[in-house]
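Trainee: Just passing along the structure, written as structure tokens.
The values are calculated or read from the model by the stated rules, or taken from the named source; none is laboratory data. Given the structure is predicted, the values throughout are model-derived calculations rather than measurements. Cβ atoms come from the backbone with ideal geometry, glycine included; neighbour counts cover every protein chain shown.
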Amino acid sequence: MEIIPLIKLKKRKILGHPESFLKDVLKEINENEKIYILDLDGIEKDKPNFCTFQRLSSSYDLWVDFGPRNLGDVVDAVMAGANTITLRKPLWSNIEISDIKDITENKIFTNVDFEYKGKYDFKDVHKQQIDGFVNFYTREKIESSFQDSDYLKTISMKKKIYTYESDLRNISYWKGFAIKGVLVDFDKIKEFRNGF
């Protein structure tokens, strides 16, 4: 199972850390390692941190989740150095993955969204060449609904799924879903790597 450091950006800063934290990130993560950037400025306000993406892309394999709303946003992310991009269906309701694949060979993922599932048929996504899914729902949320659990298992049989996790004890639970990898807050990455 792949373990990917996750960095959250908000108000143009790394959430919960001093400004010098970015330098610490550069010291702790090996060059060319994959980093997941959860850009809350982009998701919540449509103001992505492309400058930060560009700075980090010179040393790392960037997977960015910034809430693109159109094809131009995807092009901007690719130009800023993103190698993998997560799309959020509620922010871009008429996604055509084939259009994205026509302009880039980058991997394209979409988020798992149980609230949106009635309006969004994941079977369509399989036809549209999506590379996989990212889950930010907790174990407790998924366990609380047999339907959600079954839904996650169904899509994991067809495509790669990565999940966010903050508790190392939940790793065995996620293995039951054939999770490809875990997104882990940067400050817990050592704990997760030592726990395997």
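Trainee: Identify the residue in the range 144-196 that is closer than 17 Å to GLY132 by Cβ and charged (D, E, K, R) and, among all such residues, is surrounded by the fewest Cβ atoms within 10 Å (Cβ to Cβ).
Mentor: The extreme case among them is LYS175.
Trainee: Something else about it: Go through the range 93-119 and report how many residues are at pLDDT 85 or above and assigned to a loop (DSSP other than H, G, I, E, B).
Mentor: Going through the range 93-119 one residue at a time, the tally reaches 4.
Trainee: Go through the range 74-96 and give me each residue that's buried (at least 18 other Cβ atoms within 10 Å of the Cβ) and more than 16 Å from the chain's Cα centre (by Cα).
Mentor: Answer for the range 74-96, where residues must be buried (at least 18 other Cβ atoms within 10 Å of the Cβ) and more than 16 Å from the chain's Cα centre (by Cα): ALA80, ILE95.
Trainee: Residue check, GLY67 against (1) part of a loop (DSSP other than H, G, I, E, B); (2) modelled with pLDDT under 85, all met but one. Which one?
Mentor: (2)
Trainee: Of the residues VAL134, VAL74, which is touching a Ser or Thr at 6+ places or on another chain (Cβ under 8 Å), under 25 Å from LEU15 (Cβ atoms), in a helix (DSSP H, G or I) and modelled with pLDDT of 85 or more?
Mentor: After applying the criteria, what remains is VAL74.
Trainee: Quick check on my filter: what residues within the range 138-179 are modelled with pLDDT of 95 or more and in contact with a Phe, Trp or Tyr (Cβ under 6 Å, 6 or more places away or on another chain)?
Mentor: Across the range 138-179, the qualifying residues are THR163, TYR164.
Trainee: Now, a different point. Exactly one of (1) closer than 19 Å to VAL134 by Cβ; (2) modelled with pLDDT of 90 or more is unmet by GLN54. Its number?
Mentor: The failed condition is (1).
Trainee: Okay, next question. Give me the pairs: first residue in the range 152-164 and more than 17 Å from VAL184 (Cβ to Cβ), second residue of a type in the set (A, V, I, L, M, F, W, C) and assigned to a helix (DSSP H, G or I), beta-carbon distance under 7 Å, and six or more apart or on different chains, which are they?
Mentor: Here the result reads LEU152/ILE142; ILE155/PHE122, each pair linking the range 152-164 to a residue that is of a type in the set (A, V, I, L, M, F, W, C) and assigned to a helix (DSSP H, G or I).
Trainee: Name the residue that is modelled with the lowest pLDDT, counting only residues in the range 29-51 that are part of a helix (DSSP H, G or I) and loosely packed, with under 15 Cβ neighbours inside 10 Å.
Mentor: In this case the residue turns out to be CYS51.
Trainee: Output the residues belonging to the range 140-196 that are within 22 Å of GLU115 (Cα to Cα), acidic (Asp, Glu) and part of a loop (DSSP other than H, G, I, E, B).
Mentor: Answer for the range 140-196, where residues must be within 22 Å of GLU115 (Cα to Cα), acidic (Asp, Glu) and part of a loop (DSSP other than H, G, I, E, B): just GLU165.
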